[in-house]
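Right, one structure below, let's go through it.
The values are calculated or read from the model by the stated rules, or taken from the named source; none is laboratory data. What you see is a predicted model; the values in this text were computed from it and never measured. Using ideal geometry, Cβ is built from the backbone for each residue, glycine included, and neighbour counts are taken over all protein chains shown. Quick note on the areas: whole protein, heavy atoms, side chains included, nothing else; ligands and nucleic acids left out. Shrake-Rupley method; radii C 1.70, N 1.55, O 1.52, S 1.80 Å.
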Amino acid sequence: MPTNSSRRRRARALRLGVLSTPLLVLFACATMTVDQERDMGESVVHEVRSQVRLVHDKVVRDYVADIGYEILDATGPQPFDYNFYVVEDDQINAFALPGGHIFIHTGVILNARNVSELAGVIGHEIGHVERRHIARNYNKMRAGGIAQQILTTAGGLYAGQAGAAAGSIFGGMAVASVVNTFTREAEREADDFAVATLPRAGYDPNGLPTFFQTMMNEGGSRPPEFLSSHPSTENRLADTRAAITALDLPPGLKSNDGGKFEIIQRRVRLLTGSGGGRP
Ligand SMILES: [Zn+2]
């Protein structure tokens with residue numbers, strides 16, 4: 001999985017400084033171009049990475065990233081270099097930053113019943129990026145003053161002020177929260193994307209509705225962002241099941257991967273000391 005070297009970070013900071021005028025122009029526009037989204041993602045991802053507890057274990061990271069890249073291979077050429085991160089957090093959640101930075105909580109890995117359920121969640125998040133939902137949420141970022149904050153953060157990076165990001169009113173996670181507040185239509189589109197793309201990647205698309213079912217069975221806990229309050233989980237379960245029924249699925253799609261997924265679950269439990277997830 002690609003990681004950002006300090007050299008690359010410095011180059012990026014310089015580039016952000018050089019791009020300060022285009023960034024100002026960006027804030028005057030209604031939607032983000034691909035280049036603008038990529039730049040914004042890179043300016044925010046470092047902050048988010050410092051605000052969450054990442055799982056650095058290469059086996060776990062690569063396992064999640066490989067599923068992501070399999071889905072991307074089935075998607076076709078993409079304008080972004082996607083990156084996948086695993087966040088140590090028992091809450092069942094996942095989110096995407098601008099430019100294809102996708103974060104999956106260990107709560108998803110531990111609560112999924114098989115690899116196709118995990119692939120369903122990853123496919124859904126890729127769908128938000130691929131369908132440019134993140135870019136569409138840019139107007140919300142502007143309304144909340146977050147765009148201005150990112151500009152300030154970018155300026156701080158240019159000046160070499162590491163504290164500029166840490167001291168910002170709107171942290172990276174606030175940006176993540178705003179750009180991951182999707183409309184009902186966007187959630188449905190991301191679900192549709194996952195259902196349509198998973199079979200081409202070799203995965204059983206039923207992993208998505210069965211994960212919804214798993215979550216509904218869990219019940220009681222805080223509603224995670226991945227399962228937004230609208231449309232309801234019941235509706236998403238019904239919609240994805242109906243969409244799958246309409247597909248002519250090839251035989252041999254996998255919901256299991258020969259025990260690898262279960263080994264990753266065990267590894268995550270050992271690494272994080274988590275008692276969470278399914279027994
Ligand atoms: Zn979503």
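Worth pointing out:
- Per-region count, the stretch 73-95, residues among the aliphatic types (A, V, I, L, M) and in contact with a Phe, Trp or Tyr (Cβ under 6 Å, 6 or more places away or on another chain): 2
- Subset of the stretch 201-225 [under 20 Å from Glu70 (Cβ atoms) and either modelled with pLDDT under 90 or open to solvent by 30 Å² or more (accessible area, probe 1.4 Å) (or both)]: Asp204, Asn206, Thr210
- Among the residues of the stretch 70-82, just one is closer than 20 Å to Val45 by Cβ and open to solvent by 70 Å² or more (accessible area, probe 1.4 Å), namely Asp81.
- Condition met for Arg49 (of a type in the set (Lys, Arg) and within 18 Å of Ser177 (Cβ to Cβ)): yes
- Annotation: of all residues in the stretch 113-139 being within 12 Å of the ligand (Cβ to nearest atom) and either among the hydroxyl-bearing types (Ser, Thr, Tyr) or not in a helix (DSSP H, G or I) (or both), the one that is surrounded by the fewest Cβ atoms within 10 Å (Cβ to Cβ) is Arg131.
- Residues that are β-branched (Val, Ile, Thr) and open to solvent by less than 10 Å² (accessible area, probe 1.4 Å) within the stretch 91-112 comprise Ile102, Ile104, Thr106, Val108, Ile109, listed in sequence order.
- Only listed residue being under 17 Å from Ser116 (Cα atoms), open to solvent by 20 Å² or more (accessible area, probe 1.4 Å) and either β-branched (Val, Ile, Thr) or modelled with pLDDT under 95 (or both), chosen from Arg241, Arg278: Arg278
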